[in-house]
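The structure appears right after this line, and notes come after that.
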Amino acid sequence: VRMEDKLYQNRYLVDAGRPHIKVRQHQSPSPNLLALTLVCPANCYEVNDNGQVEVTADGCMECGTCRVLCEESGDIDWSYPRGGFGVLFKFG
Ligand code: SF4
C-alpha cells in the first residue's frame, strides 16, 4: 500500500483562520526551512513565487518532524490544534 493511499484514510478538521503552524517571516529560507519542503510526509511546506517557504497546515499529521527540526532555529511556531480540530487518525 502506498503512503498516499494510507493518508487518504485520515480526516482533517480545519480550524479556519487559526493555523497551528506558522513559518517565521524571512527574506530567504534557511537550510532548515528548505529541508521541510522535503521531509514533511504530508507535503505541507512549499517554496512560494518569492522564494520563501510557506506552510499550509491543512492535512498535517502532527508527526512533529518539522517541530523537532526547527526547535533550535526557531524558524517555525508550532502548537497543537485546538481540541476537536486537526487530524483524526483512522487505522485498519
Ligand atoms: Fe508536516 Fe509533520 Fe510538520 Fe505536520 S508536523 S507539517 S505532517 S512535518
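So the values come out like this:
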| quantity | calculated |
| --- | --- |
| Taking all pairs of distinct alpha-carbon atoms in the chain, Kirkwood radius in angstrom | 13.9 |
| Cβ-based charge dipole, segment 3-81, positive-most Cα from 16, 65, 30 | 16 |
| FRET E, pair residue 3, residue 85, Förster distance 22 Å, beta-carbon r, rounded to 0.05 | 0.40 |
| Per residue accessible area of the chain, 1.4 Å probe, in Å² | 69 |
| Accessible area of the chain belonging to carbon and sulfur atoms, whole % at 1.4 Å probe | 50 |
| Trypsin sites (Lys or Arg not before Pro) lying in DSSP loop within segment 1-90, provided at most 15 other Cβ fall within 10 Å | 2, 24, 82, 90 |
| Of the chymotrypsin sites (Phe, Trp or Tyr not before Pro) in the chain, those whose Cβ has at most 15 other Cβ within 10 Å and which sit in DSSP loop | 8, 85, 89, 91 |
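The values are calculated or read from the model by the stated rules, or taken from the named source; none is laboratory data. Every value quoted in this text rests on a predicted model; they were computed, and no experiment measured them. Reconstructed Cβ throughout: ideal geometry from the backbone, glycine too, with neighbour counts over all protein chains shown. Each accessible area value is taken on the protein alone, full model and side chains, heavy atoms only, with ligands, DNA and RNA left out. Shrake-Rupley method; radii C 1.70, N 1.55, O 1.52, S 1.80 Å.
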